[in-house]
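The values are calculated or read from the model by the stated rules, or taken from the named source; none is laboratory data. Please read these numbers as outputs of a predicted model, since none were measured by experiment. Because the Cβ atoms are built from the backbone with ideal geometry, glycine has one as well, and the counts that use them run over all protein chains shown.
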Amino acid sequence: MAAGAITAGARKTRTLSESGQWAAFGCGILATAAGWWWAATLIAFFVSSSLLTRWRQPEKMAKTEGTLPRTTDRNARQVLANGGFFVLFASASTSLRSELLAFAALGALAAASSDTWSTEIGTLFGGTPRMITTRAEVEPGMSGGVSLAGFGAAAAGAVFIALLGSLSVPQHHTRLAIAAAIGGFGGGLADSLIGATVQSRRFCDRCRHWTERRVHACGFRTRHARGINWLSNDLVNACGTFTGAVIAVVAGWVLARG
Ligand SMILES: [Zn+2]
């Protein structure tokens, strides 16, 4: 039912492509099997991300037009990059009765939320972002570009999912919330760092313009010019959520000892 609700809503608002709907449906079923509250947390992530993405969307698309592909709906790869590790760890946590894996699950989803919130809010209010590594000014939408507004949103997105999801494990509510919030923010940071350093970046020789688009806004085919060719934004997102999981587990362990 939860899975159906997610996909029906996504279809109505056109926030997911057809493959994205199937991926979200699968994630919804697995999360529901892992526990009702895990499923509710996943729905909260999907709904908040979709609302933020659609909020003043034409304005954001105009800002990132030179940098990002012109798509509005998320496909299966994007859904799995954001929710895959969460669903995997939440299912394993329930079937193996492992509290450790609950920390990993929530850290992963909090990282996905952190990344989405920072991207959407940072694009609107962050002004000209700077590269997290070199502090050089970059265009809005460029992976690795950060702003003060983006950092604030990254923290808020992580805390939101951490607080909500921590109710899944009432006996460790506070510790899980703190660890997942730290993991979420850390995973979001890792996403930016990987995006700034090794993620594939392309160049339009006609406009002399850095971009993530295969075909630039001008119609010219771009060439791979920096980073690892196959390391797409989706894979970087998946790495970010995995990092969030690891940090949340470590933070949970440290908090339990302290
Ligand atoms: Zn161009």
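Sub-9 Å Cβ pairs linking a first residue in the range 26-50 that is under 17 Å from Ala162 (Cα atoms) to a second residue that is of a type in the set (D, E, K, R) and assigned to a helix (DSSP H, G or I), at least 6 apart or interchain, are Ser49/Glu120, ordered by first then second residue.
Scanning the range 34-73 for residues that are in a loop (DSSP other than H, G, I, E, B), more than 17 Å from the chain's Cα centre (by Cα) and of a type in the set (Asp, Glu) yields one hit, Glu65. Tallying residues that are assigned to a helix (DSSP H, G or I) and over 17 Å from Thr241 (Cβ atoms) within the range 88-119 yields 4.
Where residues in the range 198-212 are among the basic types (Lys, Arg) and surrounded by 19 or more Cβ atoms within 10 Å (Cβ to Cβ), which of them is nearest to the ligand (Cβ to nearest atom)?
Within the range 198-212, the subset among the basic types (Lys, Arg) is 201-202, 206, 208.
Retained after the next criterion (residues that are surrounded by 19 or more Cβ atoms within 10 Å (Cβ to Cβ)): 201-202.
Working: Arg201: 14, Arg202: 10 Å.
Looking at residues that are among the basic types (Lys, Arg) and surrounded by 19 or more Cβ atoms within 10 Å (Cβ to Cβ), I get Arg202.
Of all positions in the range 21-33, at least one carries a residue that is among the small types (Gly, Ala, Ser), in contact with a Phe, Trp or Tyr (Cβ under 6 Å, 6 or more places away or on another chain) and in a helix (DSSP H, G or I).
If you go through the range 226-250 and keep only what is surrounded by 14 or more Cβ atoms within 10 Å (Cβ to Cβ) and over 26 Å from Ala76 (Cβ atoms), you end up with Ile247, Val249, Val250. Looking across the range 154-173, the residues that are surrounded by fewer than 23 Cβ atoms within 10 Å (Cβ to Cβ), modelled with pLDDT under 95 and part of a helix (DSSP H, G or I) come down to Leu167, Pro170, Gln171, His172, His173.
Across the range 213-247, the qualifying residues are those that are within 30 Å of Ala90 (Cβ to Cβ) and part of a loop (DSSP other than H, G, I, E, B), and the one among them that is nearest to the ligand (Cβ to nearest atom) is Ser232. Can you tell me which residue is surrounded by the most Cβ atoms within 10 Å (Cβ to Cβ) among those in the range 96-108 that are of a type outside the set (A, V, I, L, M) and free of Cβ contacts under 8 Å to residues at least 12 places away in the same chain? Per the criteria, the residue is Ser98.
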